[in-house]
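Every number here is computed from the coordinates shown, using simple stated rules; none is lab data. Model, not experiment: these values are computed from the prediction. Heads up, the Cβs are rebuilt from the backbone with ideal geometry, glycines too, and the neighbour counts pull from every protein chain shown.
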Amino acid sequence: MVESIENYFNKSNTFIRYILVGVLNTIIGISIILLLFEVLKLSYWSSTFIGNSVGAIVSYFLNRNFTFKSNVENKKGILLFTIVILGSYFISYPIGYHLLFKDILKSTILGSELSIFLSACVYTILNYLGQRYLTFRR
């Protein structure tokens with residue numbers, strides 16, 4: 001029975017590995033953003049773009065090798081990875097915006113934060129599914 005549980009965990013637990021990679025690349029990205037913005041005094045847009053780009057690069061390679069254990073060629077994988085990230089963003093964040101500005105969450109305490117959190121949850125799920133079944137499928 002223990003062997004069955006271990007096999008199940010190893011084969012199907014890509015979502016937990018995906019979340020762990022997400023935490024790591026978020027820490028790396030935010031650290032770079034803060035370093036660039038606060039220490040090197042780069043602009044907000046330059047700092048966030050560079051930090052998020054580095055986080056995405058880390059995410060690609062960790063998800064390719066650790067989360068999904070994929071052998072997809074980098075040329076194809078990076079293109080699909082980028083498409084999935086952008087698609088997830090442009091689907092999930094308009095949902096949060098719509099909820100906030102169509103008075104569904106506007107009158108609630110922390111409505112803006114709640115809309116961002118809900119959008120981030122939708123983004124995470126869509127991105128995971130896209131990366132697993134499109135970018136890094138076996």
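Structure data summary
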{"item": "HN-Hα J in Hz across region 33-41 - Karplus 6.51, -1.76, 1.60, θ = phi - 60°, x for Gly and Pro", "result": "4, 5, 4, 5, 6, 7, 8, 8, 6"}
{"item": "Summed side-chain charge close to residue 50 - residues other than residue 50 whose Cβ falls under 14 Å, Lys, Arg +1, Asp, Glu -1", "result": "0"}
{"item": "Other-chain or far-sequence residues with amide H under 5 Å of residue 42's (modelled H)", "result": "37"}
